[in-house]
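Enquirer: Pasting in a structure now, in structure tokens, and then I'll have a few things to ask.
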């Protein structure tokens, strides 16, 4: 990701101008009136995280808040998914999405309201829970934006489809909601929008990219077979440890020698398991990989190369066909989040007008995954746009730039966003963008 080092040159000036406009702008006045209650909601969500597919209480909270705002609410969409519809005359339909699930991480932020939750995951395993990816911030900003839009409903016409999605962290929630009729049972959106809090951008800023902002992701398992035996007599075996080692080295050439250098891709072996004892050559070694890509073409090339390379190594070792490696992809395929460039261009115009050009910045894509991209790959062909919401305390950010102080990243036990400036920026920017999109001719 592009590190916004130039921000320190203008942050003080732009934020002072931003603060001078707060009392003069109806959106910012509305957001200011929300902040105390919003902080209470945020603290409650932060202290009571629920893991993927287990967001039962969180979904009830989101449904109740939508009902309070006057939305028509439907629950249990694709599991714990919540859909709220608010109709405000004729006009465009805009989907605004938040995710709800937390991560199995023991919190180490030092906050007075830290999560101390120990719970069970979907498989019944006991684990700590923490909103280490900012989904508590996403939900609070989502609710704040909806509240602001309803407070300012005389300024726009159209329909809001607000969705609270489960299971983003395991990349299943969006598929489940789509499969359960999200775009059939509810008004079809003209646009779909979302935020992701950033652990690299300072609070008070919005990051955007007009294209594939997040990578596609999938996991791959490779079973490498051999002919085991005594470690003292390797000549009587076909050693799968050696074959697996060759595979690990050879697949490094997929990205370096087979993928066009201007098309980013990642092939990482994250796990290798095989054998039980020093002097035993095993019959099998298992590899676990993650692959990252920004186009279907690149993804397909990676899979083809994995099959070809592993097969070739097996043949060269003399293994019979029935013992060639098995390459399996997981069912948690996550496509790239491909922002619609025209939609991004439309949305950032009011954001820049409200926050200042220097606080709405173009960033580089990242190879992290996010299943929001699935909403843009259905037969409905809905334009989507996901924006980064700067979440780093400005003092900490400046110390990071000047002194190299390490910032806790997403999925880190010490990560938390700088709530008030992040919330105000996120709600005001998204509200201004949606009002303009509703009112476009």
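Enquirer: Could you check how many residues of segment 116-150 are surrounded by fewer than 24 Cβ atoms within 10 Å (Cβ to Cβ) and assigned to a helix (DSSP H, G or I)?
Expert: 3
Enquirer: Now a separate question. Those residues that are free of Cβ contacts under 8 Å to residues at least 24 places away in the same chain and farther than 23 Å from residue 181 by Cα, I need them from segment 339-386; list them, please.
Expert: 352, 357
Enquirer: Does segment 376-391 contain any residue that is under 19 Å from the mean Cα position of the chain (by Cα), at positive phi and assigned by TED's automatic domain parsing to the domain that holds residue 45?
Expert: no
Enquirer: Just one of (1) in contact with a helix residue (DSSP H, G or I) (Cβ under 8 Å, 6 or more places away or on another chain); (2) surrounded by 21 or more Cβ atoms within 10 Å (Cβ to Cβ); (3) under 19 Å from residue 41 (Cα atoms) trips up residue 94, so point out which.
Expert: Looking at each condition in turn, residue 94 falls short on (3).
Enquirer: What number of residues within segment 97-122 satisfy the criterion of being touching a helix residue (DSSP H, G or I) at 6+ places or on another chain (Cβ under 6 Å) and at positive phi?
Expert: 0
Enquirer: Then there is this: Considering (1) in a strand (DSSP E or B); (2) over 27 Å from residue 388 (Cβ atoms), say which one residue 96 fails and leave the rest.
Expert: Every listed condition holds for residue 96 apart from (2).
Enquirer: Residues to consider are 326, 315, 309; find the one that is buried (at least 19 other Cβ atoms within 10 Å of the Cβ), at pLDDT 95 or above and within 27 Å of residue 221 (Cβ to Cβ).
Expert: Just one listed residue meets the conditions, 309.
Enquirer: Before we move on, is residue 119 closer than 20 Å to residue 146 by Cβ and either at pLDDT 95 or above or over 22 Å from the mean Cα position of the chain (by Cα) (or both)?
Expert: Considered against the rule, which asks whether it is closer than 20 Å to residue 146 by Cβ and either at pLDDT 95 or above or over 22 Å from the mean Cα position of the chain (by Cα) (or both), residue 119 comes out as no.
Enquirer: Please return the ranges of strands (runs of 3 or more DSSP E) entirely within segment 204-248 where 3 or more residues are closer than 24 Å to residue 288 by Cα.
Expert: 216-225
Enquirer: Need the failing condition index for residue 180 against (1) under 25 Å from the mean Cα position of the chain (by Cα); (2) crowded, with 17+ Cβ neighbours inside 10 Å; (3) over 26 Å from residue 429 (Cα atoms), just the number.
Expert: Among (1) under 25 Å from the mean Cα position of the chain (by Cα); (2) crowded, with 17+ Cβ neighbours inside 10 Å; (3) over 26 Å from residue 429 (Cα atoms), the lone unmet condition for residue 180 is (2).
Enquirer: Can you confirm whether segment 229-243 contains a residue that is without any contact (Cβ under 8 Å) to a residue 60 or more places away in the chain, outside the structural domain of residue 401 (by TED's automatic domain parsing) and closer than 18 Å to residue 369 by Cβ?
Expert: No, there is no match, as no residue in segment 229-243 is without any contact (Cβ under 8 Å) to a residue 60 or more places away in the chain, outside the structural domain of residue 401 (by TED's automatic domain parsing) and closer than 18 Å to residue 369 by Cβ.
Enquirer: Continuing with this model, one more query. Does segment 48-77 hold any residues that are assigned to a loop (DSSP other than H, G, I, E, B), within 26 Å of residue 347 (Cβ to Cβ) and under 20 Å from the mean Cα position of the chain (by Cα), and which are they?
Expert: none
Enquirer: Something else about it: When you go through (1) closer than 24 Å to residue 233 by Cα; (2) touching a residue at least 40 places away in the same chain (Cβ under 8 Å) one by one for residue 306, which number turns out not to apply?
Expert: (1)
Enquirer: Could you please find all residues in segment 175-196 being assigned to a strand (DSSP E or B) and either out of contact with any strand residue (DSSP E or B) (no Cβ under 8 Å at 6 or more places or on another chain) or within 15 Å of residue 364 (Cα to Cα) (or both)?
Expert: Passing the criteria: only 196.
Enquirer: Could you grab me the full set of residues in segment 256-295 that are without any contact (Cβ under 8 Å) to a residue 60 or more places away in the chain and over 28 Å from residue 320 (Cα atoms)?
Expert: 256, 257, 259, 260, 261, 262, 263, 265 - these are the residues of segment 256-295 that are without any contact (Cβ under 8 Å) to a residue 60 or more places away in the chain and over 28 Å from residue 320 (Cα atoms).
The values are calculated or read from the model by the stated rules, or taken from the named source; none is laboratory data. Being a predicted model, the structure only gives us computed values, none of them experimental. Positions of Cβ are backbone-derived with ideal geometry, glycine not excepted, and every protein chain shown enters the neighbour counts.
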